[in-house]
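Undergrad: Here it is, the structure, as structure tokens.
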Amino acid sequence: MFVKDIMHKNLMIVQPDTNLADAARIMLANHLSGLPVVTPAGRLTGIVTEGDLLRRAELGTAGTYSNWLKMFLIPSGAADDYIKTHGRRVSEVMTESPLTVTSQTSLDDVAALMVKRHIKLLPVLDAGELVGMISRTDMMRKLATKLIEVEHHHPSDLEISNHIKSALAIETWAPRTGIHIKVKDRVVDIEGVVMNDADRRAVNVIAENAPGVVQVHDNLIYVDPGSGMAFG
């Protein structure tokens, strides 16, 4: 699945000279966590998000540098911080040159980027043109849809069994032998031996995620390779 499949295209944008109060009103009125900042010529120049507005003089959250820290900061650094926490135009508080993705970026790559960089919102650029935005909310909305689809899908016991076996076969951590899957009336019984508890729990997750499964019975035996002790 790709960005183009879930991104929102009906964009609300602001310009660098937009008053910060107006930008905040737009975000609140439209339940947006951020807005792309676009020049009059149509070029993306930044993004203003809730995170950019957390430290503000109006909220008493601007913070102050201690005297010892001021000695180590170059003057321009302190001045830039003051602009960020006191500025009234979008250009003064926005995140410049934000990370972007394309409409063909995979959702797997988007998720990894959002987690690694603690990002909630990404502009989507194709050939330098802003064509959409993708957010964590968009990802959650798609996830919710998929989960509902799984809940309402009722495959046969054989289909469930084959699904679990196929899912196990493509995971590098999964045991290649010794795992037996039995399915009756959409209830899964798992038997066999695993060598660590993480494998055991992961096998159960695969079974639980199989479409149509209503219950999973874990009958796996975990053998501790260090002590040789077996746990049921």
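Nothing in this text is a laboratory measurement; each read-out follows from the coordinates by a stated rule. Being a predicted model, the structure only gives us computed values, none of them experimental. With ideal geometry, Cβ positions are generated from the backbone for all residues, glycine too; neighbour counts draw on all protein chains shown.
Undergrad: Restricting to the chain, compute how many DSSP beta bridges are antiparallel as a %, nearest 5.
TA: Around 70 percent antiparallel, to the nearest 5.
Undergrad: Along the range 108-123, what does the Karplus equation 6.51 cos²θ - 1.76 cosθ + 1.60 (θ = phi - 60°) give for ³J(HN,Hα), rounded to whole Hz, x for Gly and Pro?
TA: Here the 3J(HN,Hα) series is 4, 5, 5, 4, 4, 5, 5, 5, 5, 9, 6, 9, 9, 8, 10, x Hz.
Undergrad: Determine which residues of the range 203-227 fall in the zone a paramagnetic label at V187 would reach in this model, i.e. backbone nitrogen under 14 Å from the point 7 Å along Cα→Cβ.
TA: 213-219
Undergrad: Would you kindly state how much longer the chain becomes between A127 and D17 on full extension, computed as 0.36 nm times their sequence separation minus their alpha carbon distance, in nm to one decimal?
TA: 37.1 nm
Undergrad: What 222 nm value per residue comes from the helices of the chain, counting each DSSP H run with n ≥ 4 as -39,500 (n - 2.57) and dividing by all residues, nearest 500 deg cm²/dmol?
TA: That comes out to -11000 deg cm²/dmol.
Undergrad: With charges only on Cβ, +1 for K and R and -1 for D and E, what is the dipole size of the chain about its Cα centre, in debye, rounded to 20?
TA: Dipole magnitude for the chain comes out near 540 debye.
Undergrad: Another one. Given the options I83, I160, A174, identify the residue whose Cα lies farthest towards the positive end of the charge dipole of the chain (+1 on Cβ of Lys, Arg; -1 on Cβ of Asp, Glu).
TA: I83
Undergrad: Which of the lysines could a cross-linker span from K84 if the Cα-Cα distance has to be under 27 Å and same-chain partners fewer than 8 positions apart are dropped?
TA: K70, K116, K120
Undergrad: As a quick test, which of the pairs K142/K184; K9/K146; K4/K165 have an alpha carbon distance above 23 angstrom in this structure?
TA: Over 23 Å apart, Cα to Cα: K142/K184; K4/K165.
Undergrad: Report Rg/Rh for the range 3-144, rounded to two decimals, where Rg is the Cα radius of gyration and Rh the Kirkwood radius.
TA: Ratio of gyration radius to Kirkwood radius for the range 3-144: 1.01.
Undergrad: I'd like the FRET efficiency for T95 and D197, computed as 1/(1 + (r/R0)^6) with the beta carbon distance as r and R0 of 35 Å, rounded to 0.05.
TA: Computed FRET efficiency for T95 and D197: 0.25.
Undergrad: Name all residues of the range 1-44 having a backbone nitrogen under 16 Å from the label point set 7 Å from the Cα of A144 along its Cα→Cβ direction, giving them as ranges.
TA: 6-8, 31-33
Undergrad: Charges on Cβ only, +1 for Lys and Arg, -1 for Asp and Glu, centred on the Cα centroid of the range 104-232; of V214, V124, I190, which one is farthest towards the dipole's positive end?
TA: Checked the options; the winner is V124.
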